[in-house]
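Student: I'd like to ask some things about the structure below.
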Amino acid sequence: MDSAPASPAVDVAIIGAGITGLALALELEHQGLSVCILERSPQIGGAIQTVQEDGYLCERGPNSLLLRRPDVAEWLRHRELDEGMVTANEAVKTRYLVKNGRVLPMPSGPLSAATTPLYSLGAKLGVLGEPFRPATHQEDESVADFVSRRLGPEFLDYGIAALVNGIYAGDAERLSIRHAFSRVWNLERKGGSLIKGALKLKRERKERGEAPYHSRIVSWADGLQALPQQIASRLQSRPQLSVQLKQIQPAADGWQLTYHDEAGGTQALQARQLVVTPPVHTWSRLPWTADLQPHVAQIEQPRYAPVVTMLLGFKREQVRHSLDGFGALIPPKENQRVLGAIFSSTLFPQRAPEGCVALSCFLGGMHYPQLIEAEDAELRRIALESLRPLLGITGEPEKVILTRWPRAIPQYELGYERFLQQVAQLEATQAGLHFLGNFREGPGLYDCLDLARRKAVELAKATSDTV
């Protein structure tokens, strides 16, 4: 075996060329730091995978980017990553939810909330009493208990539980409100109730002079994969792909990584800081030194939701529903193995051939984890069995693209604080070691980008302080 040649030190070594690692690297370089990215697979982007077949554009992983706040939108513009960006159709303001086998629009304002058939009159009137219900001082509470306590069981069954399906593919009885929906949890902490907390937050933003920001859903003309590709093209140091890590060890002035490169040669990399971005369940399989391995292995891993994504392509006349919205969520109460469907060809242009429509549906999750093992034909049958009566589908799809994600989304469940503390403890005892990814602050694409750009500023300061 070739001996590892000497390598000049870089400021930051990043394991993983998913969206978190790439965004972190770009911002670190903008902060003036030298970076090296090592990626195990032969491609960048992680779960962001776009495929185009027969005129259909399919997102195997994330479907879009929700720009909740202006920070990430401005960052994308300033880093010139908005080339080819497309904003979703105005129709996405309409979102559907299934109740008793009917596809109904979700309320979008006070008037529609008052008239929607999704909730009984008693449930609607009950919301008026929310500001007067006492707050709890529990440090952890399930999403189900929190929503039932604040809003009542109907809003759990035909509201938040469906959103939990859509965001986490999770179980509202097990997810932690503090970690899975921290902004909602903080409203009660801030104002004593959700309504009073929201009003107080709005007042504070007005006092700070913050202009209202209207969130928007975006993608790129060639699909989401254009984002990691654009980031990689702007990096001074391109990611090294098909890398096989051999050892990760602390060094006197940081960290040393030994690895086999794409050509099979042995390389050694010195770095002042090390950032690990692959999913939590892979951490213990990394080649840590013998004294460090037990500390990584003892971290309690969160559960991951297994999800099957499936693009279904039809002729337009095969689907009776107008598809005039973002999509339809199917709450667990409906006892369907399909979590929901996104109306992909409504959201963005050129997602389906002329005269055709594309639906992206999701199966499995924490309620039906066994579906990840089902045969392709069985998964297709289950999807069509659910969607035919809901959307008025006739005939067979002309296109099916199926993807399995055995560990798709980390579950921010009760006790998640203990896991985060264990990670923080390891980082505190190992100088220059950092863990980053969708296990922190949210599983969405926006969350990963926002966390990465903020972490880059923190690392730049830490590196300059040690020079």
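The values are calculated or read from the model by the stated rules, or taken from the named source; none is laboratory data. Since the model is a prediction, treat every value here as computed from it, not as a measurement. Cβ coordinates were reconstructed from backbone atoms using ideal geometry, including for glycine residues, and neighbour counts include every protein chain displayed.
Student: Could you please find all residues in segment 165-178 being crowded, with 24+ Cβ neighbours inside 10 Å and either touching an Asp or Glu at 6+ places or on another chain (Cβ under 7 Å) or at positive phi (or both)?
Tutor: Those that are crowded, with 24+ Cβ neighbours inside 10 Å and either touching an Asp or Glu at 6+ places or on another chain (Cβ under 7 Å) or at positive phi (or both): 169, 175, 177.
Student: Find the residue count for segment 326-351, including only residues that are of a type in the set (Asp, Glu) and either at pLDDT below 95 or touching a helix residue (DSSP H, G or I) at 6+ places or on another chain (Cβ under 7 Å) (or both). Lay out the reasoning, then the answer.
Tutor: Step one: list which residues in segment 326-351 are of a type in the set (Asp, Glu), which gives 334.
Narrowing the set further to residues that are either at pLDDT below 95 or touching a helix residue (DSSP H, G or I) at 6+ places or on another chain (Cβ under 7 Å) (or both) leaves none.
Count: 0.
Student: Can you go through 66, 111, 97, 81 and tell me which one is among the aliphatic types (A, V, I, L, M), under 15 Å from residue 216 (Cβ atoms) and either in contact with a Leu (Cβ under 8 Å, 6 or more places away or on another chain) or surrounded by fewer than 19 Cβ atoms within 10 Å (Cβ to Cβ) (or both)?
Tutor: On the way: 111 fails: under 15 Å from residue 216 (Cβ atoms); 97 fails: under 15 Å from residue 216 (Cβ atoms); 81 fails: under 15 Å from residue 216 (Cβ atoms).
Every option except 66 fails the conditions.
Student: Next up: Could you list, in sequence order, all residues of segment 335-349 that are assigned to a loop (DSSP other than H, G, I, E, B), within 13 Å of residue 88 (Cβ to Cβ) and more than 21 Å from the chain's Cα centre (by Cα)? Working first, answer last.
Tutor: Of all residues in segment 335-349, those assigned to a loop (DSSP other than H, G, I, E, B) come to 335-337, 343, 348-349.
Those still in the list that are within 13 Å of residue 88 (Cβ to Cβ) too: 343, 348-349.
If the condition is that a residue be assigned to a loop (DSSP other than H, G, I, E, B), within 13 Å of residue 88 (Cβ to Cβ) and more than 21 Å from the chain's Cα centre (by Cα), then 349 is the only one that fits.
Student: Moving to a separate point now. Quick one: in segment 239-248, which of the residues that are under 27 Å from residue 26 (Cβ atoms) and polar (S, T, N, Q) is farthest from the chain's Cα centre (by Cα)?
Tutor: 244
Student: Looking at segment 402-442 only, could you name the residues that are surrounded by fewer than 17 Cβ atoms within 10 Å (Cβ to Cβ) and among the β-branched types (Val, Ile, Thr)?
Tutor: Within segment 402-442, 429 is the sole residue that qualifies.
Student: Still on this model: If we only count strands (runs of 3 or more DSSP E) wholly inside segment 203-302, which ones have 2 or more residues that are touching a helix residue (DSSP H, G or I) at 6+ places or on another chain (Cβ under 9 Å) and crowded, with 19+ Cβ neighbours inside 10 Å?
Tutor: Working: elements: 216-220, 244-251, 254-260, 266-276.
Per the criteria, 216-220, 266-276.
Student: Condition check: in the same structural domain as residue 345 (by TED's automatic domain parsing) and more than 20 Å from residue 458 (Cα to Cα). Does residue 80 satisfy that?
Tutor: Values: in the same structural domain as residue 345 (by TED's automatic domain parsing): yes; more than 20 Å from residue 458 (Cα to Cα): yes.
Taking the combined requirement at face value, the residue satisfies it.
Student: For residue 311, work out the one condition from (1) buried (at least 20 other Cβ atoms within 10 Å of the Cβ); (2) out of contact with any Cys (no Cβ under 7 Å at 6 or more places or on another chain) it doesn't fulfil.
Tutor: (2)
Student: Same structure, new question: Find the residue count for segment 14-62, including only residues that are outside the structural domain of residue 237 (by TED's automatic domain parsing) and over 23 Å from residue 307 (Cβ atoms).
Tutor: Final tally of qualifying residues: 2.
Student: Within segment 84-105, which residues are modelled with pLDDT of 95 or more and either aliphatic (A, V, I, L, M) or farther than 19 Å from residue 160 by Cα (or both)?
Tutor: Listed by number, the residues that qualify are 84, 85, 86, 87, 88, 97, 98, 103, 104.
Student: Would you mention how many residues in segment 328-361 are buried (at least 23 other Cβ atoms within 10 Å of the Cβ) and on the phi > 0 side of the Ramachandran plot?
Tutor: Within segment 328-361, residues that are buried (at least 23 other Cβ atoms within 10 Å of the Cβ) and on the phi > 0 side of the Ramachandran plot number 1.
Student: Every residue in segment 55-81 that is closer than 20 Å to residue 409 by Cα and either in a strand (DSSP E or B) or not charged (D, E, K, R) (or both), please. It would help to see each step written out before you state the result.
Tutor: The first filter runs over segment 55-81 and keeps only residues closer than 20 Å to residue 409 by Cα, leaving 58-68.
Passing the criteria: 58, 59, 61, 62, 63, 64, 65, 66, 67.
Student: Of the residues in segment 174-194, how many are aliphatic (A, V, I, L, M) and more than 23 Å from residue 411 (Cα to Cα)? Let's see the steps before the verdict.
Tutor: Residues of segment 174-194 that are aliphatic (A, V, I, L, M), as a first pass: 175, 177, 180, 184, 187, 194.
Adding the requirement that they be more than 23 Å from residue 411 (Cα to Cα) leaves 194.
Count: 1.
Student: Which of the residues belonging to segment 308-334 are under 25 Å from the mean Cα position of the chain (by Cα) and among the polar types (S, T, N, Q)? Reasoning before the result, please.
Tutor: Going through segment 308-334, the residues under 25 Å from the mean Cα position of the chain (by Cα) turn out to be 308-313, 323-334.
Across segment 308-334, the qualifying residue is only 309.
Student: Oh, and also: Please work out which residue is surrounded by the most Cβ atoms within 10 Å (Cβ to Cβ), limiting yourself to segment 84-94 and to residues that are among the aliphatic types (A, V, I, L, M) and not in a strand (DSSP E or B). So that I can check it myself, show each step before the final result.
Tutor: Pass one, segment 84-94, residues among the aliphatic types (A, V, I, L, M): 85-86, 88, 91-92.
With not in a strand (DSSP E or B) added as a condition, the list becomes 88, 91-92.
Details: 88: 18, 91: 14, 92: 20.
It comes out as 92.
Student: Can I ask one more? Please go through (1) at negative phi; (2) buried (at least 20 other Cβ atoms within 10 Å of the Cβ) for residue 152 and return the number of the only condition it doesn't satisfy.
Tutor: (1)
Student: Pairs needed: first member in segment 203-223, on the phi < 0 side of the Ramachandran plot; second member anywhere, of a type in the set (A, V, I, L, M, F, W, C) and assigned to a loop (DSSP other than H, G, I, E, B); C-beta distance under 6 Å; at least 6 residues apart or different chains.
Tutor: 217/88; 219/348
Student: Mind listing whichever residues of segment 41-54 are loosely packed, with under 15 Cβ neighbours inside 10 Å, part of a loop (DSSP other than H, G, I, E, B) and in contact with an Asp or Glu (Cβ under 9 Å, 6 or more places away or on another chain)?
Tutor: Listed by number, the residues that qualify are 42, 54.
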